[in-house]
């Protein structure tokens, strides 16, 4: 078991190094950071000096090695555009993104599961067909379009909700800020979280529906019915419970992509999170922020996958036997 | 019946309270100006980047010795007056009784210190004062500037050379703008202490910046704003929605597509005006063989007939009307009319495809040729669409253009000196920061000299020593009228005899402003909070 974990950890480190290197190579194609750091009248000489200070005139190998070594120490340096430490900048934006991702996940579960159950149990009802149709829209409409439509309807026409930003935030501890404790913060959260949750919600709904239909056909449900259990017990105690195992796995895995996908939602709603910071830094060829962000997202995915693997092993005895034999 | 009257009484009471609440709160409500821009404020240290957005917004906190009024005229600010004792010796009399936001007195020491800081490491505004100029404190409120060369435009950019407090900067280790390889966060990047009409309250980089009114400002305020809140909203549709819904009072820019909607909305309007930036096309005239092209062994752009043919093939009126939807002024010169007194004597070469074809044939390209055009797609208003229009127009005279539209970070990397001026044909915009012709001759029209940065942004290296000589002659001429006559000669040679560049237009500014907010728009697109009033 320990060997398995170790093997997995080594593989994870390998993935991170690979991501780091790929990221580094990609940065060479986003443009010249020096151009974004100075005004247009700055002389070629001053630009060369700057390039030298940043180490951009060194051989690629040296730059890549330095980048990886610093990254291993979580040192991403100073942002080119803001002249502030990258760790501070990302740290200040992290609460916004995590709160948004968390609320979106809860929302997608809270709405997706009941909708999926309903669509499976009342397969032929009009509402179920409507849900199916809606889920198709949710899965196929691009996020930014949904965001803009929501903004137009609820901010411009009805004027119920704010169109951008995070509202007022409350500081908790030294670095966490939350918008969950103020009215304007909660109002600001509604549209971005719905926008971000919509795709996950439809995914969960379709998954629950498919799983539920599958489970409803299985023998133990038939036996449960034969035992004379009420429909309610059959549906929710037996069927739904067994449906949820794969659903939870998917939701866990999707948590990473919710954080990563939030880039678009954050940009549409000018949500001051990490995704917006990342997009700003691409436009400004701000390599330190891009590097830190990419590696952070990669780490997140690696951790989630690692934990999922370990949980599988803990849950499924068959896998354990297999591993011990190997 | 009784029940109903009781209910109506309650309703009346509620109504009365509802009426009272806004009346009570309105009296004490501070006037908050909420402003949104497409980009972010990179730093509250004004020396950090020479970019007009940062310079103008930080100008609310840091003031210069001089400033510009709504008509762009220079006027006294922290200096009450100045005299040019001789062309190499300027004397400035400083305003007395001015205090910095944190209470320090403003004296000559602060000016001498700021002159060092602005030319020191990490500063991107090194050009504000010549490197070899000597700044001498005469007494607490008099400063001398001793120059090595005459410079009639010395103070033209000083509105954005904000004065720092020497003692404040020293106390906080902020005596230098942040070097690129700094490892500690710069104090002056998050805190500010100037003499200006607004005091920085907080700055969250890329998220939000808040200023409050400076009650002790030395000047009489023209604004009734108590607080300014700035938020970057990168997405254009969201920015417009925020204005339409009344969540912000002032946005820039409003995309051309949304201008009708902003005007149709009862509470908002577009404030448009000509900008001082000129958009133009440049051609590579330096390489012996044109790169990115089907022509081998020679460079067609070295032939003035080809350059003229390109010029005549472009229907700028159509670009201004169709691509820019009327929000552009076609330009005959590489400088905006408001910045050059003799502009009206110049007219664009006529749009004439037949003559263009003839010129191409005379130059040996009867069937045209093929060349790549480099174009930014996120820098100027409708930049990529302008290039597409140019591609279509040139196709009609037989020139096949391979359009390479890129984001600005890639575009500028390629066409800059560092990228080896790697472009054969390109679109660029230029605002002369000193707001006069010499700057354009120095950076855009001048023969490239890497040692002095003369011609530093002359990507195609158009070069005519006669033009350079005229520009240098103008620099020695103290009289503005005579100076402009010299510039007129230089414009005539460079743009009409040589066709060194193809000027297109000045794009229009488009601010979105709520009807309750009154702003003043300057053609250099500066945002001056001290001129804003709210009903």
Work out Dmax and Rg for the stretch B:86-136 from the C-alpha atoms and quote the Rg first, both in angstrom.
12.7, 37
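What per residue convex hull volume, in Å³, comes out for the stretch A:168-326 when only alpha-carbon positions are used?
On the way: hull volume 30.9 nm³, N = 159.
Value for the stretch A:168-326: 194 Å³ per residue.
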Whole-number percent relative contact order across the stretch A:204-270, with pairs defined as alpha carbons under 8 Å at least 6 apart:
37
So what is the 222 nm mean residue ellipticity for chain B from helices alone, if each DSSP H run of at least 4 adds -39500 (n - 2.57) and you divide by all residues, rounding to the nearest 500 deg cm²/dmol?
-7500 deg cm²/dmol
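Considering every residue in A:269-275, what mean count of other chain Cβ atoms within 10 Å of its Cβ is obtained? If you can, show how the numbers build up before the last one.
Numbers: counts 3, 10, 1, 6, 1, 0, 0.
The per-residue average across the peptide is 3.
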Fewest to most Cβ atoms within 10 Å: B:505, B:141 sort as B:141, B:505
Peptide ranges B:73-84, A:288-299 listed from the most packed, as the mean C-beta count within 10 angstrom indicates
A:288-299, B:73-84
Can you tell me the orientation of helix B:304-313 relative to chain B, as the angle in degrees between its alpha-carbon axis and the longest Cα principal axis, to the nearest 10?
50
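Got the relative contact order for chain B handy, in percent, Cα pairs under 8 Å and 6 or more residues apart?
Once normalised by length, the contact order is 18 percent.
Quick one: in the stretch B:409-499, what % of C-alpha pairs are over 19 Å apart?
On the way: 1653 of 4095 pairs.
Pairs farther apart than 19 Å: 40 percent.
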I'd like the per residue volume of the convex hull spanned by the Cα atoms of the stretch A:84-177, given in cubic angstrom.
152
Could you pull the Cα extents of the protein assembly as shown along its three principal axes, largest to smallest, in whole Å?
107, 80, 61
Please give the calculated 222 nm ellipticity per residue for chain A, where each DSSP H segment of at least 4 residues contributes -39500 (n - 2.57) and the sum is spread over every residue; nearest 500 deg cm²/dmol?
-24000 deg cm²/dmol
How far is it, in nm, from the label point at residue B:216 to the one at residue A:250 when both lie 7 Å from their Cα along the line to the Cβ?
6.4
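Based on the Cβ-Cβ distance from residue B:489 to residue B:358, what FRET efficiency comes out when R0 is 25 Å, to the nearest 0.05?
Numbers: r = 29 Å, r/R0 = 1.14.
Efficiency, from the Cβ-Cβ distance: 0.30.
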On full extension of the chain, what length is gained from residue B:452 through residue B:286, given 0.36 nm per residue of separation minus the C-alpha to C-alpha distance?
57.9 nm
What is the angle, in °, between the Cα long axis of helix A:86-121 and the longest principal axis of the Cα atoms in chain A? Nearest 10 is fine, range 0 to 90.
20
Which whole-number percentage describes the relative contact order of chain A, with Cα contacts under 8 Å and a sequence gap of 6 or more?
27
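Could you rank the peptides B:250-261, A:46-57, B:186-197 by their average count of other C-beta atoms within 10 Å per residue, with the highest value first? It would help to have the intermediate numbers written out before the result.
Details: B:250-261: 20.0, A:46-57: 16.6, B:186-197: 23.2.
Result, highest mean Cβ count within 10 Å first: B:186-197, B:250-261, A:46-57.
Under 1.5 on a/c is rounded, so check that first for the stretch B:448-532, then, if it is not, pick prolate when a/b is larger than b/c and oblate when it is not; a ≥ b ≥ c are the square roots of the alpha carbon gyration tensor eigenvalues. If you can, show how the numbers build up before the last one.
Details: a/c = 2.46, a/b = 2.04, b/c = 1.21.
It is prolate, given that a/c is not under 1.5 and a/b is the larger ratio.
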Work out, in µm²/s and without decimals, the Stokes-Einstein translational diffusion coefficient of the stretch B:31-175 at 37 °C, 0.692 mPa s, Rh from Kirkwood over C-alpha pairs.
207
Calculate, for residue A:88 and residue A:180, the FRET efficiency according to 1/(1 + (r/R0)^6) with r their C-beta to C-beta distance and R0 22 Å; round to the nearest 0.05.
0.45
Based on the mean of other Cβ atoms within 10 Å per residue, sort peptides A:78-88, B:520-530 so the most packed one is first.
A:78-88, B:520-530
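For peptide A:87-95, what's the mean number of Cβ atoms from other chains within 10 Å of each residue's Cβ?
Numbers: counts 0, 3, 5, 0, 0, 4, 4, 0, 0.
Partner Cβ neighbours, averaged per residue: 2.
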Nearest 10 degrees is fine. How inclined is helix B:108-119 to the longest principal axis of chain B, computing both from alpha carbons?
50
Shielding of B:241-252 by partner chains, average beta-carbon count, 10 Å:
5
Taking every Cα atom in chain B, find the radius of gyration and the maximum pairwise distance Dmax, and write them in Å.
26.4, 102
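Exposure proxy check: A:245, A:15, B:57, B:295 ranked by fewest other beta carbons within 10 Å?
Details: A:245 10, A:15 15, B:57 23, B:295 18.
The most exposed by this proxy come first: A:245, A:15, B:295, B:57.
Every number here is computed from the coordinates shown, using simple stated rules; none is lab data. These figures come from a predicted structure and were not determined experimentally. FYI the Cβ positions are ideal-geometry reconstructions off the backbone, even for glycines, and counts take in every protein chain you see.
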